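Colleague: Here you go, one structure.
None of the figures in this text is laboratory data; all of them are computed from the coordinates on show. Quick caveat, the model's predicted, so the values are computed rather than measured. Cβ: placed from backbone, ideal geometry, glycine included. Neighbour counts: every protein chain shown.
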Amino acid sequence: MDDLAEQIRALIGDDPNGGEIRMFGGTCFTLNGNMMVGTMKDGGLLVRVGKDQEAAALALPGATRMNFTGREMKGFIMVAPDELSEDAINGWIAMASRFVGPMPPKKPTKK
């Protein structure tokens with residue numbers, strides 16, 4: 001899981017609009033405060049693709065709709081660890097960026 005997070009950090013670079021938070025038992029990477037991709041405990045990747053890209057995403061190797069709490073979440077894809085080559089991770093980050101990039105920045109929540 002930490003190796004995957006390191007790979008994602010290396011691919012995303014030091015984008016000033018990026019961020020990291022702990023979520024779903026792994027590391028979640030954000031763009032303008034909006035969840036983009038994240039690592040899962042099993043070494044898989046969680047990708048926010050949105051409803052319009054979901055069919056194309058589900059057609060890719062190792063992809064399934066997120067089912068974290070026994071309920072499927074549309075627009076979120078889980079990718080099996082054995083399908084995460086560097087090229088695949090790059091592709092998933094690009095797909096997530098296409099969906100998350102145009103979203104308005106999320107305002108930080110007060111604690």
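Colleague: So who's got an amide H within less than 5 Å of the one on Met66, skipping anything under 5 residues away but keeping other chains? H placed 1.01 Å off N, in plane.
Modeller: Answer set, sorted by chain and number: Met73, Phe76, Ile77, Met78.
Colleague: Taking segment 2-100, how much of its Cα-Cα pair set, in percent, is spaced more than 22 angstrom apart?
Modeller: Numbers: 879 of 4851 pairs.
Above the 22 Å cut-off, segment 2-100 has 18 percent of its Cα pairs.
Colleague: Go through Ile21, Leu46, Leu84 and say which Cα lies farthest out towards the positive end of the charge dipole of the chain; charges sit on Cβ, +1 for Lys and Arg, -1 for Asp and Glu.
Modeller: Of the listed residues, the answer is Ile21.
Colleague: Determine, for the chain, the count of lysine pairs separated by eight or more sequence positions (or lying on different chains) whose alpha-carbon distance falls under 24 Å.
Modeller: Details: Lys41/Lys74; Lys51/Lys74; Lys51/Lys106; Lys51/Lys107; Lys74/Lys106; Lys74/Lys107.
Counting lysine pairs in the chain gives 6.
Colleague: Once you place label points 7 Å from the Cα toward the Cβ at Arg65 and Asn90, how far apart are they in nm?
Modeller: 3.1
Colleague: Quick one: order Thr27, Thr39, Thr69, Thr64 by neighbouring beta-carbon count within 10 Å, fewest to most.
Modeller: On the way: Thr27 20, Thr39 26, Thr69 7, Thr64 13.
Arranged by neighbour count, lowest to highest, Thr27, Thr39, Thr69, Thr64 become Thr69, Thr64, Thr27, Thr39.
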